[in-house]
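**Student:** Sharing a structure below in structure tokens format, with a few things to ask.
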Amino acid sequence: MASSSRIQSLGPRPGFSTLHYLRKKRKAQRLRDPLDALLLKTLTAQREMEERFLQMEERRLQRDLELEERRMQLEQRRFELERDHEFRMFNVFAQMLSILKQSNNGSSASGQPQGMELSQTFSESPGVGERVQEEGQTSQLGLPTLDRTTNVYSFCNHSDFQSSPYLSVRGSIANICWGSAEEGYSAYHADKYDEEKNPNLTQSDMNVIESPLLQYPDWKGHMFLREEVARFLTYYCKAPAPLKAENVIVQNGCGSLFSSLATVLCDPGEAFLIPSPFYGGITQSVFLYGNVKLVYVYLDSQITGTCTRPFQLTVDKLRKALQDAQSEGVRVKGLILLNPQNPLGDIYSLSELHGFLEFAKRHELHVIVDEIYMLSVFDDSATFHSVLEMDRLPDPQRTHIMWGTTKDFAISGIRFGTLYTLNQDVISAVASLCYLHGISGPIQYKLAQLLRDRDWINQVFLQTNHDRLKAAHTFVTDELKTLGYLRRATFEEEMLLWRRFLDNKVLLSHGKGFECSEPGWFRIIFADKMHRLQLGMQRVREVLEECENEILMEDKAHSCQSDSEGKADSTDEVIFVSHHQEPVCSGSANLGDLIGLLQQQMRSSDWLQKNTVEQFAQEKPEVYDVFSKLVGKQ
């Protein structure tokens with residue numbers, strides 16, 4: 001009994017297997033907990049990354065939608081502006097055509113005074129187009145209309161205007177922009193005086209064509225050329241510190257740089273200040289691409305007040321021009337300075353330059369300084385100072401300097417202009433337009449070789465060039481001192497004289513083409529060989545003497561006519577014979593009275609001494625026969 005009871009007590013207890021299972025399960029769970037935690041963390045991190053990625057994707061899509069909406073708004077706005085611009089321009093062209101048609105038909109319905117140019121009838125509005133001037137704003141012929149804003153029609157040939165169905169409005173404007181300067185330039189090339197061929201840049205070290213030169217360059221210009229330009233400007237502009245190549249941009253001429261800067265610095269209808277007179281090509285450069293105006297700072301030849309020389313630019317004149325433009329609603333964004341000045345030849349001192357730049361800084365104006373003549377100063381008493389010579393610029397981010405080889409090296413056929421600016425935004429914007437105004441690789445290589453040859457430039461070229469310029473200037477000025485001047489100084493007479501020069505194979509630039517406020521001024525280019533200058537001045541003298549003789553003849557004719565009128569009896573009817581009209585006779589006057597009066601006037605002048613009967617009979621035999629018969633009847 002005892003043994004059996006012991007065995008019975010050692011048997012399995014109720015619930016023992018269940019407890020053992022639970023312990024093993026908890027132990028197994030404790031062993032699996034680290035892996036589960038790691039897996040849980042991994043899944044959680046993955047879920048968070050997916051959620052963040054989805055959020056980022058949603059934000060990107062939302063940003064793209066906003067950008068697309070903004071782009072669509074800008075596109076719609078641009079479309080509306082272009083449509084409004086085209087509407088206004090077509091309205092102006094329709095008015096132009098109407099006036100031209102009425103003028104050709106001899107109609108006076110337009111109300112345009114006889115003798116006025118079409119350019120005096122139109123002026124630009126503060127917006128994007130032009131408007132017809134109100135009544136009473138016309139000016140007397142020959143007197144300057146001091147309208148400070150650019151008038152595109154002043155450098156367009158109105159008589160040859162033809163609208164084309166293949167061009168846009170801007171293309172039509174570019175098509176008619178063919179002023180007197182281009183007309184004279186074409187006439188010069190059509191009949192150029194050239195007794196020998198000019199040498200080219202054909203040195204052996206320049207005739208290099210390597211594979212990299214034939215590929216697309218950096219649109220700002222090959223780095224080897226920009227580095228050479230930076231060194232060149234550092235040396236000749238006397239910069240206080242070496243200039244950096246990354247601030248240099250090269251294009252095919254300074255005209256392209258003017259167009260690019262006008263496009264990136266101004267919106268259509270905005271303007272630059274520019275002292276007048278100035279090189280006329282700038283007007284087209286800033287207008288054709290960017291539709292940018294020029295506000296003229298008029299300079300005059302009189303020495304008054306603070307002016308110590310003719311056509312002197314002062315800060316007060318800049319301030320006055322800016323205030324006038326602002327009062328007319330024109331937004332001025334910058335100032336253009338030419339130093340040395342073209343066509344005046346003025347050289348600004350450092351103090352003057354500093355004053356101009358300080359003025360621009362006060363009004364937050366960009367300043368474009370064109371120094372394309374900086375190496376052509378031949379007068380020992382004059383010293384050229386570059387803006388880059390200054391130790392500190394008043395507003396470095398709004399100061400931009402231009403130079404080119406066209407004038408100083410007399411190689412206008414190699415189109416090269418360079419811009420130096422510290423403003424990286426301007427550099428990037430202008431660089432985007434370099435695609436349209438780039439320079440070929442081989443030409444860039446030639447230019448780098450030329451600018452690198454400092455010994456030849458200093459010891460040979462500049463000294464020789466300055467000596468020749470000085471001799472030519474002395475000859476031309478001495479010749480001009482011996483010439484007479486026209487007494488009737490009007491813009492109409494200026495244009496007539498310019499055409500007479502052109503007819504006699506002398507190409508000068510008239511002051512009106514450079515927006516000079518005073519009539520009668522001409523620009524003479526004397527940078528030529530001496531025997532060509534002698535021939536040119538001889539032709540100038542012949543034209544002026546011919547004009548002076550004609551004026552004397554007209555004065556004598558008027559004097560004789562006045563004497564004849566004074567001698568006429570009070571009971572007789574006086575017959576007037578004008579230079580430009582047919583004889584006007586009264587009812588009782590007959591042909592004999594007319595012939596008698598003509599004979600009396602001819603006998604009282606020296607006309608018969610200079611014009612013989614035989615010469616008149618040879619030149620105009622038909623007229624001679626008619627007058628012979630009439631005199632015979634008398």
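The values are calculated or read from the model by the stated rules, or taken from the named source; none is laboratory data. Here the structure is a predicted model, which means the values were calculated and not measured. So basically every Cβ, Gly included, is an ideal-geometry build from the backbone, and we count neighbours across all protein chains shown. Accessible surface areas use protein heavy atoms only, side chains included; no ligands, DNA or RNA. Shrake-Rupley method; radii C 1.70, N 1.55, O 1.52, S 1.80 Å.
**Student:** If amide H atoms are built 1.01 Å from N in the plane of the peptide, which residues on other chains or at least 5 residues away come under 5 Å of the amide H of residue 508?
**Tutor:** When sequence neighbours closer than 5 places are left aside, there are no close amide H contacts.
**Student:** May I ask you to order 496-508, 469-481 by the average number of other C-beta atoms within 10 Å around their residues, highest value first?
**Tutor:** The most tightly packed comes first, giving 496-508, 469-481.
**Student:** Let me ask another. Based on the Kirkwood radius over alpha-carbon pairs, what is the Stokes-Einstein translational diffusion coefficient of segment 311-370 at 20 °C with 1.002 mPa s viscosity, in µm²/s?
**Tutor:** Calculated translational D: 177 µm²/s.
**Student:** If a/c stays under 1.5 just call it rounded; otherwise compare a/b with b/c (prolate if a/b is bigger, oblate if not). Do that for segment 250-381, with a ≥ b ≥ c from the square roots of the Cα gyration tensor eigenvalues.
**Tutor:** The shape class here is oblate.
**Student:** Round to the nearest 0.05 the FRET efficiency obtained for residue 525 and residue 349 when R0 = 30 Å and r is the Cβ-Cβ distance.
**Tutor:** After rounding, the FRET efficiency stands at 0.75.
**Student:** When the Cα centres of segment 403-470 and segment 494-538 are compared, how far apart do they sit, in Å?
**Tutor:** If we compute the Cα centre of each part, the gap is 28 Å.
**Student:** Ignoring ligands, DNA and RNA, please state the percent of accessible area on segment 496-557 from carbon and sulfur, probe 1.4 Å.
**Tutor:** Its accessible area is 54 percent carbon and sulfur atoms.
**Student:** With the Cα gyration tensor of segment 203-323 giving a ≥ b ≥ c as the square roots of its eigenvalues, does the rule (a/c under 1.5 for rounded; else a/b larger than b/c for prolate; else oblate) give rounded, prolate or oblate?
**Tutor:** Note, shape of segment 203-323 comes out prolate.
**Student:** Along the Cα→Cβ direction, 7 angstrom out, place labels at residue 538 and residue 556. What is the inter-label distance in nm?
**Tutor:** For residue 538 paired with residue 556, the spin-label model returns 2.7 nm.
**Student:** List the residues whose amide H sits under 5 Å from the amide H of residue 335, counting only those 5 or more places along or on another chain, with H placed 1.01 Å from N in the peptide plane.
**Tutor:** 273, 366, 367, 368
**Student:** Here's another thing I want to ask about it. To the nearest 20 debye, what is the magnitude of the charge dipole of segment 223-335 about its Cα centre, counting +1 on the Cβ of each Lys and Arg and -1 on the Cβ of each Asp and Glu?
**Tutor:** 240 debye
**Student:** Label residue 81 and residue 56 with points 7 Å out from Cα along Cα→Cβ: what is the distance between them in nm?
**Tutor:** Label at residue 81, label at residue 56, 3.6 nm between them.
**Student:** I need the shape label for segment 341-483. Rule: rounded when a/c is under 1.5, else prolate if a/b > b/c, else oblate, with a, b, c from the alpha carbon gyration tensor.
**Tutor:** Since a/c reaches 1.5 but b/c is at least a/b, the shape of segment 341-483 is classed as oblate.
**Student:** Report relative contact order for segment 386-446 in percent, whole number only (criteria: Cα-Cα under 8 Å, sequence separation at least 6).
**Tutor:** Relative contact order, segment 386-446: 27 percent.
**Student:** Could you sort 265-277, 339-351, 534-546 so that the peptide with the highest average Cβ count within 10 Å comes first and the rest follow in order?
**Tutor:** 265-277, 339-351, 534-546
**Student:** I would also like to ask the following. Label point 7 Å out from residue 211 along Cα-to-Cβ: which residues of segment 417-443 have amide N under 12 Å?
**Tutor:** Inside the label zone: nothing.
**Student:** Working out 0.36 nm times the residue gap between residue 46 and residue 505, then minus their Cα-Cα distance, what length gain in nm do you get to one decimal?
**Tutor:** So the chain would gain 156.5 nm between residue 46 and residue 505.
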